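The values are calculated or read from the model by the stated rules, or taken from the named source; none is laboratory data. Because the structure is a prediction, the values reported are computed rather than measured. Heads up, the Cβs are rebuilt from the backbone with ideal geometry, glycines too, and the neighbour counts pull from every protein chain shown.
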């Protein structure tokens, strides 16, 4: 069962933490740059795999050939339809939060993963915006292939990606909040040392 962003985040807050902002990535099915290649490729792959299976089942070929083709059909179905569904479910179950101490990213299709990024330790905060006000805030160097392969949707691959917030709107406002919190945190830590 899906829950709203606020209640999902509150479960992961520490007692002394204040929730300043929470949200989710854009929802629903979407296309990315890689789909210019992946859609034709998946149709060719899936079409050939189904053709192979039908041909083998209709012929007196050994049963091994029919079993051999099943994984190829399943991969083809995943590439044609399944990856869009997994990507949409992944984003529907992803929640973001900004507290006075950290950035939280909760995600997962089959379980729950919580990423906690301390504001004082974030050194590389990058904002990429779109004309509609949406955009991406990344925390660390982004893999250049993310733009191409970001929504293939292999479950569990997100743990290897650079953490980021993908926002449908107000990306610059959230980015400014993060920088302001970092600045005030630096001032506080500097005054503690003096």
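Here are the numbers:
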item	result
Residue 179 in a helix (DSSP H, G or I), surrounded by 11 or more Cβ atoms within 10 Å (Cβ to Cβ), over 12 Å from the mean Cα position of the chain (by Cα) and at pLDDT 85 or above	yes
Odd one out for residue 48 among (1) at pLDDT below 90; (2) farther than 24 Å from residue 134 by Cβ; (3) surrounded by 12 or more Cβ atoms within 10 Å (Cβ to Cβ)	(1)
Search result, residues across segment 33-46 that are part of a helix (DSSP H, G or I) and over 12 Å from residue 69 (Cα atoms)	35, 36, 37, 38, 39, 40, 41, 42, 43, 44
Enumeration of residues in segment 54-95 that are touching a residue at least 40 places away in the same chain (Cβ under 8 Å) and under 11 Å from the mean Cα position of the chain (by Cα)	86, 87, 88, 90, 91, 92, 93, 94, 95
Residue 17 vs. criteria assigned by TED's automatic domain parsing to the domain that holds residue 110 and free of Cβ contacts under 8 Å to residues at least 40 places away in the same chain	no
Candidates 39, 43, 67, 57 - the one that is out of contact with any helix residue (DSSP H, G or I) (no Cβ under 9 Å at 6 or more places or on another chain), surrounded by fewer than 15 Cβ atoms within 10 Å (Cβ to Cβ) and farther than 21 Å from residue 95 by Cα	67
